[in-house]
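Below: the structure, in structure tokens.
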Amino acid sequence: MRRGSYRRLSVEARRAELLTAALDLFAHRAPEDVSLDDVASAAGASRPLVYRYFPGGKQQLYEAALRSAADELERCFEEPRSGPLSARLSRVLDRYLGFVDEHDAGFSALLQSGSVAETSRTNAIVDEVRRAAAEEILLHLAVKEPGARLRMMVRTWITAVEAASLIWLDEEKRPSLEELRDWLVDQFVAMLTATAATDPQTARVMKAAVRMEPAEGTVGRLARRVVPALGEASHLL
């Protein structure tokens, strides 16, 4: 029944169905563990049909699947620029970490490298996601021309999010997604604060962001936890 309906699909729909099947397989297995026969079987198609749409074989199919996943990851960082910054970051991370949770094995294979399917093109796709994510975060900071320190801080945070996601998978998805999300938002605030201490532009960004935060919000709760923890540091002032 599946094969019969498959013949009635348009060229675009047929390619999309093969790509969807491949994405699902790559999400849960490393690229080297997925064959074209696996993709054909999952899509209810034949191996020759897969080659018809992806004449470059598994490498071309993997890169197309990776491009599709990268587009989805980039969309995770798209968020209306209104309301407290911490709330916006929380929603972004909910989508990003949800993607990580759903595509666990594939996400690990993608970011840890070492796959036989890894090429300069796949590396460029992954790097594009990182840069796009950083640009989206900088837009939320409302800075027309971010300086080197602020850009470095944001890109470093993106790297920390990636690393934490991989460690979270390695730790059998502990702690909970909600705890991981809140911790990563706290990390952003901490990095922004540390950078603001020596960079005037970041200091202005931070002041503007803090003014929008409610007392009972994420940043307020973090401040109330940090101040007592720093009580023993009064002799440093």
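Taking the numbered list (1) open to solvent by 70 Å² or more (accessible area, probe 1.4 Å); (2) more than 16 Å from the chain's Cα centre (by Cα); (3) of a type in the set (A, V, I, L, M, F, W, C) in turn, VAL219 passes all entries but (1).
Taken over the range 19-73, the criterion of being assigned to a helix (DSSP H, G or I) and of a type in the set (D, E, K, R) is satisfied by ASP24, GLU32, ASP33, ASP37, ASP38, ARG47, ARG52, LYS58, GLU63, ARG67, ASP71, GLU72. For ALA148, state whether it is at pLDDT below 95 and either in contact with a strand residue (DSSP E or B) (Cβ under 6 Å, 6 or more places away or on another chain) or more than 15 Å from LEU93 (Cβ to Cβ) (or both). For ALA148, the condition - at pLDDT below 95 and either in contact with a strand residue (DSSP E or B) (Cβ under 6 Å, 6 or more places away or on another chain) or more than 15 Å from LEU93 (Cβ to Cβ) (or both) - is not met. For first residues located in the range 23-38 and over 18 Å from THR119 (Cα atoms), partners that are of a type in the set (Lys, Arg) and part of a helix (DSSP H, G or I) and lie 6+ apart or on another chain with Cβ distances below 6 Å form the pairs LEU36/ARG47; LEU36/LYS58; ASP37/ARG47. Of all residues in the range 114-127, those that are closer than 11 Å to TYR62 by Cβ and among the small types (Gly, Ala, Ser) have Cβ atoms under 7 Å from Cβ atoms of residues that are modelled with pLDDT of 70 or more and outside any loop (DSSP other than H, G, I, E, B), 6 or more apart or on another chain, in SER115/PRO31; SER115/GLU32; ALA117/PRO31; ALA117/GLU32; ALA117/GLN59; ALA117/TYR62. In the range 187-216, of all residues being crowded, with 19+ Cβ neighbours inside 10 Å and free of Cβ contacts under 8 Å to residues at least 24 places away in the same chain, the one that is farthest from THR156 (Cα to Cα) corresponds to MET206. Considering only residues in the range 77-99 that are not small (Gly, Ala, Ser) and not in a helix (DSSP H, G or I), the one that is least open to solvent (accessible area, probe 1.4 Å) turns out to be PHE77.
The values are calculated or read from the model by the stated rules, or taken from the named source; none is laboratory data. Bear in mind that the values here come from a model prediction, so they are computed numbers and not experimental data. Cβ sites come from the backbone with ideal geometry, for glycine too, and all protein chains shown count toward neighbours. Only protein heavy atoms, including side chains, enter the accessible area calculation; ligands, DNA and RNA are left aside. Shrake-Rupley method; radii C 1.70, N 1.55, O 1.52, S 1.80 Å.
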